[in-house]
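Notes to accompany the following structure.
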Amino acid sequence: MAAASLRALLEHSIDYAGMFPPCSLELEPALTNHARYVRLHDTWMLNAFVLPVGQFDAAKQFLPQFEPMHPLRISALGPKTENAAAFCEALEETDAAIRSLSAHNVDLVSISQLEMFLPADADLGLLNEARSIVGDVPAFWEAPAEKAERTIALLSEHNSNADHPTFGYKMRTGGVTADAFPTSAQIAPALVAPETHQVPIKFTAGLHHPLRQYREEVQTKMHGFLNVLGAAVLAAEHKWDAAQTALMLNDEDVGSFQFDDEFFAWRDWRIDLSRLRDRRRFVTTFGSCSFDEPREDLCALKFF
């Protein structure tokens with residue numbers, strides 16, 4: 001059984017992205033997998049199914065695999081656009097698709113969040129327009145790691161003038177080639193910027209394994225989801241700087257991580273269960289093309 005602190009760190013943390021590399025499943029087998037996952041004992045780790053908006057209509061025929069007690073919760077993935085004008089147009093179409101699917105069968109499917117790439121010319125006015133379009137749908141806007149601090153500051157400014165729900169930031173932490181992986185030094189500043197502690201953040205790609213490790217298939221070191229999520233909550237709790245945060249992101253020693261029913265600790269740093277749950281409100285999920293691999297690795301490391 002998972003320790004309470006491990007459960008607090010990982011509860012509803014995995015957005016299943018089976019249609020994306022390296023798994024790259026077709027829609028039907030990916031949804032069939034998800035229909036099985038929502039019924040598992042370990043479903044407490046599962047969050048939403050990442051579904052491109054362009055696949056919404058095709059997904060409707062597979063909804064009978066779900067049921068009211070085990071519905072399909074979707075993270076809607078909008079298209080990438082080149083500029084603000086194209087972004088607004090695409091967002092209008094995305095919002096219409098979300099409304100249509102949400103009304104299709106309210107017992108079996110819901111849209112829990114939207115994720116979409118923010119164009120380079122985004123400003124506060126564009127975010128205000130985006131909010132007027134998407135309404136109450138929680139949204140995470142992606143920007144490259146090198147623009148993370150600027151994007152988070154912009155989102156924080158927007159959020160300070162808005163009621164809930166707030167906009168969040170989406171950070172890409174890997175891919176299928178070595179050059180797709182940002183360094184720990186690139187990730188760390190996004191986790192320690194003061195605004196980050198009030199801007200929800202989610203991660204995507206490359207976080208298949210609990211701990212940082214070299215993987216031959218990408219010929220580089222992949223970041224670990226325990227490293228990334230753990231560093232995010234501890235950095236916020238203890239006001240770490242980027243250098244300290246990067247140390248934890250780079251740690252490959254399983255013995256550095258401790259979970260029990262009262263606290264989570266990395267080396268000499270700890271956070272108790274109550275504070276961990278509070279910090280998780282702003283450290284939300286990570287996308288993974290596999291739901292099996294993260295759980296199997298945790299078992300292999302004897303975390304549960």
What full-extension length gain, to one decimal in nm, is calculated for Gln198 and Gln65 as 0.36 nm per residue of separation minus the Cα-Cα distance? 44.2 nm
Highest mean packing first, using Cβ neighbours within 10 angstrom, the peptides 238-251, 21-34 sort as 238-251, 21-34
What FRET efficiency comes out for Asp179 versus Asp268 if R0 is 35 angstrom and r is the Cβ-Cβ distance? Round to the nearest 0.05. 0.50
Positive end of the charge dipole of the chain (Lys, Arg +1 and Asp, Glu -1 on Cβ, about the Cα centre): tell me which of Ser100, Ala143, Ser184 has its Cα farthest that way. Ser184
Here the cysteines of the chain without any disulfide-compatible Cβ partner under 4.7 Å are Cys88, Cys299
If each of Glu252 and Leu25 carries a label point 7 Å out from its Cα toward its Cβ, how far apart are those two points in nm? 3.0
Choice from Asp272, Asp95, Asp121 showing the highest fluctuation, given a GNM over the chain with Cα pairs closer than 10 Å: Asp121
Spin-label model distance (nm) - Ala120 vs Phe304, 7 Å beyond Cα toward Cβ: 4.3
How big is the C-alpha Rg of the range 179-304 next to the rule-of-thumb value 2.2 N^0.38 Å, as a ratio? 1.00
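If you roll a 1.4 Å probe over the heavy atoms of the protein chains, what accessible area per residue do you get for the chain, in Å²?
43
How big is the dipole moment of the chain about its Cα centre under a simple scheme where the beta carbon of each Lys and Arg is +1, that of each Asp and Glu is -1, and everything else is neutral? Debye, nearest 20, please.
Value, rounded to 20: 480 debye.
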Roughly speaking, what is the stretch gain from Glu216 to Asp278, that is 0.36 nm per residue apart minus the C-alpha to C-alpha distance, in nm to one decimal? 18.6 nm
Report P(r) for the range 235-304: all Cα-Cα distances, bin width 5 Å, range 0 to the bin holding the largest distance, values in whole percent. 3, 12, 19, 24, 27, 12, 2
Would you calculate, for the chain, the mean residue ellipticity at 222 nm contributed by helices, counting each DSSP H stretch of 4 or more residues as -39,500 (n - 2.57) and dividing by all residues, to the nearest 500? -11500 deg cm²/dmol
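Taking 23 Å as the cut-off for C-alpha to C-alpha distance, list the pairs among Lys147/Lys202; Lys239/Lys302; Lys147/Lys170; Lys202/Lys302 that go past it.
Those over the limit are Lys239/Lys302; Lys202/Lys302.
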Of Leu101, Leu211, Leu124, the most mobile residue in a GNM of the chain (C-alpha springs, cutoff 10 Å) is Leu124
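Take the Cβ-Cβ distance between Glu129 and Asp107 as r, set R0 to 30 Å, and report the resulting FRET efficiency rounded to the nearest 0.05.
0.35
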Where the only charges are on Cβ atoms (+1 Lys, Arg; -1 Asp, Glu), what is the dipole of the range 192-270 about its Cα centre, to the nearest 20 debye? 240
Quick one: among Phe203, Phe66, Phe140, which has the greatest mean-square fluctuation in a GNM of the chain with alpha-carbon springs under 10 angstrom? Phe66
Dipole axis of the chain (+1 Lys, Arg; -1 Asp, Glu on Cβ), positive-most option in Val134, Val109, His223: His223
Out of the DSSP beta bridges found with both residues in the range 140-251, what percent are antiparallel (nearest 5)? 30
Quarter of the surface of the C-alpha convex hull for the range 1-74, i.e. direction-averaged projected area in nm², equals 5.4
What FRET efficiency do you get for Lys239 and Glu89 if R0 is 35 Å and r is their Cβ-Cβ distance, rounded to the nearest 0.05? 0.25
P(r) histogram, all alpha-carbon pairs of the range 93-161 included - 5 Å bins from 0, percent: 3, 14, 25, 23, 14, 10, 7, 3, 0
Put His209, His104 in order of accessible area, largest first, 1.4 Å probe: what do you get? His104, His209
q = 0.11, 0.12, 0.15 Å⁻¹, the chain: log10 I(q)/I(0) [Debye, one scatterer per Cα]: -0.64, -0.78, -1.25
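The values are calculated or read from the model by the stated rules, or taken from the named source; none is laboratory data. For clarity, every value in this text was computed on a predicted model and none was experimentally measured. Ideal geometry is used to build each Cβ from the backbone, glycine not excepted, and the neighbour counts take in all protein chains shown. When the accessible area is computed, the model is the full protein with side chains, heavy atoms only, and any ligands, DNA or RNA have been set aside. Shrake-Rupley method; radii C 1.70, N 1.55, O 1.52, S 1.80 Å.
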